[in-house]
Structures are given as C-alpha cells and as structure tokens.
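Notes follow once the structure below has been shown.
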Amino acid sequence: MSRRLVLAGCLLTLAHSAVAQRRTRPPSPVPPPAFDTSLYNALEWREIGPFRGGRVTAVAGHADQPLTFYFGGTGGGVWKTTDGGLTWVPISDKDFRAGSIGAIEVAPSDPNVIYVGTGESPIRGNVSPGNGVYKSTDAGKTWTHVGLDNAGQIGAIRVHPANADLVYVAVLGHAFGPNPERGVFRSKDGGKTWEKVLFRSDSAGAIDLAMDPTNPRILYASIWQARRGPWYMSSGGPGSGLFKSTDGGDTWKEITRNEGLPKGVIGKIGVTVSANHERVWAIVEADSGGVFRSDDGGETWRRTNDERNLRQRAWYYTHIHADPKNPETVYVLNTGMYRSVDGGRTFTPLRAPHGDHHGLWIAPNDPARMINSNDGGANISYNGGATWTGQDNQPTAQFYHVIANRVHREPDRRRDDRREGLVRGGRR
C-alpha cells in the first residue's frame, strides 16, 4: 500500500512540473515569411510630385535662343526648357555628383557650351556643398567634370563673349571652415587647366563677377569673408572687398576704399556693369551700405539708394543686375524683385510668382526677355517682368522633414497591424 502511495505522489509531482513548464515556456517563434528578393528587381521609381518649384539660385539663357533657358536648383540639379518655360526637363542627373547648383553660364559665342558651378552661394544653415565645375558641349545632353573639386560653393561664372574656352569662376569656398581653394579662377582651355588669378585668404572667397560688355578684358570681382556655423552666420571682415582687372585677370587692383564707397567693415558685395561700360553698379553690405554707382569705371562712387528693403538680410541676397541696353535701368534682388529706371535713385517692386530672389538673366539683345529665380523656383518673362510663367511644373521642392507614422486599425475588433507611411515636411 505504501509503495502505491509513493508512486502516486511521484506521478503527481511530475505532472505538476510538466504543467508548470508548459505555463512558463514561451511560445515557439513564428518563422518570418520567405520572400523572393529577386522580385524587387522589377520595381521602378516613379515621380509622384509635388509639382512645385523649390529654391533656385542660378539661371541662364542665350541671346539667339528665345525659348531656351536653364535653371539650377539648390537640391535638384540643372533643368532645361525649350518651350519658354511651359515644360522643364532635368539634364544633369546622369553625370553630376552634386545636386546643389551655384552658377550657370552659356557661352555667348556657342549656345552648345554650358558651364555649371555646383554648390549654392547663399550659405543657409542647410547649405549643400558642390564638387566643382561641369561642362557640356552639346547643350546639356552630356556633361564632363572639369575640375575645382574642392571649391565648395560657387557664386558666379563668366565666359568670354568670343571665346568659349576662356572662362572665369568665382569660388566662395567651404561654408563651414577655411580652405585654400577660394577666389577667382581662370581657364583658357575650356576647363582642362585652371589658374587662381585672385586670392585674398583661406577665409574669404569670390562671390560675384562682372564682365564689361564692350571690353571683356575689364572684370570686376567681389570677395566675401563669411563663415557659416551650426548656430551662427558671420558675414564681413577685412577679407571682403571689390577688385578690378583691365588685363583679363592677369592683375587686379583693389577699389574697396575708393572715394564714395562705405567705410568700416564690409560684408557681401554684388557688382554689375551697365550698357555704358563706364557705369558700374554695386550693392554693398555695410553700416552705411546700399546701392552705389560709379560713372568712371570704379574710380569714384556715390550712393544712390540706402533703403533697407534692398539690402536686408544681406548674406542671403545682395544681388544686382544692369539692364543690357539702358544705362539708367538696374535691378536689385531681395525678398522682392526691384527695378530702377532713374539711375538707381528709386526702385519699384515687380510682381513675381514667389518671393526671396537670387538670380536674374536678361537677354542682351532683348531686355524684355528674362528669367528670374527665387525660393519658389524659376520663372520667365517676355515683357520685362509684367507677367511670368508659373512654377507648378518644376518638381524641385525641398522637403525639410520626412517621417513615417505607424497606424493601427481594428476592423471587426481584430487588430490590423499594417504600417502606413506618412510624409510631412516644409517645402521651398
């Protein structure tokens, strides 16, 4: 009898232990579903928008092609239209290794030759660096990288009107620190080799270039000492200045302190030459800054306008463009687009599709034909800015934030754990 009781007790103990193990043992993991990853090869990217323009700082055209224009986005590469802005197509995606564009110039003597400088020059906190200069000899069908790899940001490009191989590049340099690849660079062989013809310091680079329309050996260049930090923007210093060359860039003379220009600390400078080549315009960032005009090739100057709406937030704007035929007409770009027809004394705003303006190209043989760029894209006018093409055909908007949101659904009280994507963010 006692043996039976002992055996029964052992069996009860084993049964209890088995039940306890079943209660505490985690369920067996469900194996993940198996996918044939080769199916992914059939997937293709497709564009879904939004079809609105983003920030553009570079535009260009050619005197002999009234329907063809180019723009460079700060994150979307180079785009081209051949129908006056009705449609735009990207032309740099296959060859470029940088999406931010700082300058575009079409050779006046050959519309097939285009130079593009990468790296936008308005150095915002979210600025993207470039990787030098690209060149096309077939109107943008193919491109070749032609150097200045460490330029960082590029402010302007100018090409000799009769020689497509003679090109000048205003290199600002790195936005966040010093580097020696700054200043004005010149190539006499279409970008095969470069020489630094104007250099100030490793903390100040070239931001603008102007070529005399009647004598291409006369050049004006502005140097800007600037530094962008994660939490600050420094604009101006002893490195900033205005320079002139009369021998095609071989030698330069500083004219920053010539009679009539501001005293004290100088910041960013925009410069342009009017149809009367002795008349030079400059917009200068300084305590006593504003729009300045010289009627003797930069020897002496006088301030014609000091309104704040033309020179506010100078590090982001400070752009000036002369009318190619009328020496009394000049444009200034800021939050608005402004034009003066009385020699720079007064300016009136032009209505454009968007604010915050950075670029303007005016046809040298037809000043009513122009392309303007701003924080909303690029727009074209054939009537001197009275009306413009739209910007809702340029899918170059910048997204500042993209997030994914996990959404749970419970249809019929059964939990549906599908994940749905959600995109949110600011656009420029």
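The values are calculated or read from the model by the stated rules, or taken from the named source; none is laboratory data. This one's a predicted model, so the numbers in the text were calculated from it and none came from an experiment. Reconstructed Cβ throughout: ideal geometry from the backbone, glycine too, with neighbour counts over all protein chains shown.
Among the residues of the stretch 346-360 satisfying the criterion of being crowded, with 16+ Cβ neighbours inside 10 Å and farther than 23 Å from residue 101 by Cα, which is nearest to the chain's Cα centre (by Cα)? Ranking the candidates gives 350 first.
If you check 60, 151 for being surrounded by 24 or more Cβ atoms within 10 Å (Cβ to Cβ), aliphatic (A, V, I, L, M) and within 30 Å of residue 233 (Cβ to Cβ), only one passes: 151.
Which residues, counting only those in the stretch 98-129, are outside any loop (DSSP other than H, G, I, E, B) and not acidic (Asp, Glu)? Can you show your working first?
So in the stretch 98-129, the residues outside any loop (DSSP other than H, G, I, E, B) come out as 101-106, 114-118.
Scanning the stretch 98-129 gives 101, 102, 103, 104, 106, 114, 115, 116, 117, 118.
Can you spot a residue in the stretch 6-25 that is part of a loop (DSSP other than H, G, I, E, B), surrounded by fewer than 10 Cβ atoms within 10 Å (Cβ to Cβ) and modelled with pLDDT under 80? Yes, the stretch 6-25 has at least one match.
Looking for something crowded, with 18+ Cβ neighbours inside 10 Å, in a loop (DSSP other than H, G, I, E, B), at pLDDT 95 or above and polar (S, T, N, Q) - is there at least one such residue anywhere in the stretch 386-396? Yes: one or more hits. Would you confirm whether or not the stretch 165-175 contains a residue that is of a type outside the set (A, V, I, L, M) and more than 29 Å from residue 325 (Cα to Cα)? Looking for residues that are of a type outside the set (A, V, I, L, M) and more than 29 Å from residue 325 (Cα to Cα), one finds at least one in the stretch 165-175, hence yes. Taken together, the residues in the stretch 256-294 that are surrounded by fewer than 22 Cβ atoms within 10 Å (Cβ to Cβ) and among the hydrophobic types (A, V, I, L, M, F, W, C) amount to 3. Within the option set 86, 67, being part of a loop (DSSP other than H, G, I, E, B) and among the hydrophobic types (A, V, I, L, M, F, W, C) holds for one residue only, 86.
Looking only at the stretch 167-198, how many residues end up being under 17 Å from residue 134 (Cα atoms) and of a type outside the set (D, E, K, R)? Talk me through it step by step, then tell me what you get.
Taking the stretch 167-198 as the starting set, the residues that turn out to be under 17 Å from residue 134 (Cα atoms) are 167-173, 181, 184-195.
Retained after the next criterion (residues that are of a type outside the set (D, E, K, R)): 167-173, 184-185, 187, 190-191, 193-194.
Counting residues in the stretch 167-198 that are under 17 Å from residue 134 (Cα atoms) and of a type outside the set (D, E, K, R) gives 14.
The set of residues from the stretch 189-242 being part of a loop (DSSP other than H, G, I, E, B), polar (S, T, N, Q) and surrounded by fewer than 21 Cβ atoms within 10 Å (Cβ to Cβ) comprises 193, 203, 214, 215. Do we find that residue 179 is within 21 Å of the chain's Cα centre (by Cα), over 22 Å from residue 317 (Cβ atoms) and either modelled with pLDDT under 95 or part of a loop (DSSP other than H, G, I, E, B) (or both) in this structure? Spelling it out, residue 179 is indeed within 21 Å of the chain's Cα centre (by Cα), over 22 Å from residue 317 (Cβ atoms) and either modelled with pLDDT under 95 or part of a loop (DSSP other than H, G, I, E, B) (or both).
Filter the stretch 148-190 down to residues that are among the basic types (Lys, Arg) and touching a residue at least 24 places away in the same chain (Cβ under 8 Å) and give me whichever is nearest to residue 116 (Cα to Cα).
By that ranking, first place goes to 158.
Looking only at residues of the stretch 361-373 that are out of contact with any Lys or Arg (no Cβ under 8 Å at 6 or more places or on another chain) and in a strand (DSSP E or B), we find that the one that is surrounded by the most Cβ atoms within 10 Å (Cβ to Cβ) is 373.
Being farther than 16 Å from residue 342 by Cβ and more than 24 Å from the chain's Cα centre (by Cα) is the filter here; which residues of the stretch 262-285 pass it?
Here is the first cut: in the stretch 262-285, the ones farther than 16 Å from residue 342 by Cβ are 262-273, 277-278, 280, 282-285.
Across the stretch 262-285, the qualifying residues are 262, 263, 264, 265, 277, 278, 280.
The requirement of being within 10 Å of the chain's Cα centre (by Cα), surrounded by 19 or more Cβ atoms within 10 Å (Cβ to Cβ), at pLDDT 95 or above and not β-branched (Val, Ile, Thr) is satisfied by residue 100. Of everything in the stretch 126-143, what is closer than 19 Å to residue 156 by Cα and among the β-branched types (Val, Ile, Thr)? Give them in sequence order. Correct list: 127, 133. Residues in the stretch 295-339 that are surrounded by fewer than 22 Cβ atoms within 10 Å (Cβ to Cβ), closer than 27 Å to residue 245 by Cα and free of Cβ contacts under 8 Å to residues at least 40 places away in the same chain: 295, 296, 328, 329.
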